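S.K.: Before we start, here is the structure in question, set down as structure tokens.
Where a number appears in this text, it was derived from the coordinates with a stated rule and is not lab data. Given the structure is predicted, the values throughout are model-derived calculations rather than measurements. Note: ideal-geometry Cβ built from the backbone for every residue, glycine included; neighbour counts use all protein chains shown.
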Amino acid sequence: MTCKDCIENLGPYVDGELTAGEAALVEEHLNACSDCAAAHRRLVETSSQLRSALMRYEAPDVLKARIRASLAESGRDIGPRRVPLPSRMNNGWMRAFAAAAVVAIASSGLTFAAMRERGTGSPIQQEVLASHIRSLMPGHLTDVESNDQHNVKPWFNGRVNVSPDVPRLDSLGYPLVGGRVDYIDGRNVASVVYKRRQHVINVFSWPSSDDRDLAPQVSSSHGYNLIHARRNGEEVWLASDLNLGELKEFAQTAFFGH
């Protein structure tokens, strides 16, 4: 393996994306080449520093959906690309490499954080969260779009095995948007959709196999807040990137206060 090949593969090597055979070739070269070994050390050190100090900001649901729509419409591959680099190291190349490394590792650090969170929570919680995020894609939020509960609630008849609560809370700043049928835990479930400013709130419900009531339980993942409760033989989940205080207020007022 040449220095050029090694440098091109350092990012994937650090991120654990190479096959065992490819990783072995990189390791063999690093053991024999002091320049590439030094570049590898800098990459690892920068990654560690970024992961420990990186600040993260959450965009509202609507912005996330717009970004996904723009990417889908562009049809471009925005994945990481390996750029040919000179086989001999010099000061100018090292400065360019250092700048590229910061960008590359910042991305890999965010990916690492997301992968670490992905395994948290119960399987149902992960399905609820995935359904909420999927609903933010253009055209996926509602099957019936209406701010009138007398249109939304009867729409679910014959489509799901539960008649969901559809309170109207416009006066409190939580306008009804509509509803849709989603698929969670191997069944069709009702999802009633509300908004709070630019934040989407999905309220999922389906019949429970456990007849014991469960007081509202709060959890969070990937920057989203979730509230789960069981009442009157129904499982109820709320999911949103709305701040937890307002989401609790919404849940208590609309679903768990009576």
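S.K.: Where a ≥ b ≥ c are the square roots of the eigenvalues of the C-alpha gyration tensor, would you call region 137-185 rounded, which needs a/c under 1.5, or, failing that, prolate if a/b is larger than b/c, or oblate?
M.R.: Judged from the Cα gyration tensor, region 137-185 comes out oblate (a/c at least 1.5, b/c at or above a/b).
S.K.: Next question. What does the convex hull of the alpha-carbon atoms of region 123-256 project to on average, in nm²?
M.R.: 7.5 nm²
S.K.: How would you classify region 208-258 from its alpha-carbon gyration tensor, with a ≥ b ≥ c the square roots of the eigenvalues: rounded for a/c under 1.5, else prolate if a/b is greater than b/c, otherwise oblate?
M.R.: In terms of gyration-tensor shape, oblate.
S.K.: For the modelled label position 7 Å from the Cα of L214 along Cα-to-Cβ, which residues of region 128-170 have backbone nitrogen atoms closer than 20 Å?
M.R.: Within reach of a label on L214, which here means backbone N under 20 Å from a point 7 Å along Cα→Cβ, region 128-170 contributes 128-133, 161-165.
S.K.: Provide the per-residue ³J(HN,Hα) series for region 174-190, in order, calculated from phi with Karplus coefficients 6.51, -1.76, 1.60 and θ = phi - 60°, each as a whole number of Hz, with x at glycine and proline positions.
M.R.: The phi angles translate into 10, x, 6, 9, x, x, 7, 9, 10, 10, 9, 6, x, 8, 6, 10, 7 Hz.
S.K.: Provide the packing ranking of 221-232, 25-36, i.e. peptides ordered by the mean count of other C-beta atoms within 10 Å per residue, highest first.
M.R.: Descending mean neighbour count gives 221-232, 25-36.
S.K.: At 7 Å along the Cα-to-beta-carbon direction for both S34 and S122, put a label point, then send me their distance in nm to one decimal.
M.R.: The modelled label-to-label distance comes out at 5.9 nm.
S.K.: May I pose another question? Compute the FRET efficiency between R41 and T2 as 1/(1 + (r/R0)^6), taking r as their Cβ-Cβ distance and R0 = 22 Å, and round to the nearest 0.05.
M.R.: My answer for the efficiency is 0.70.
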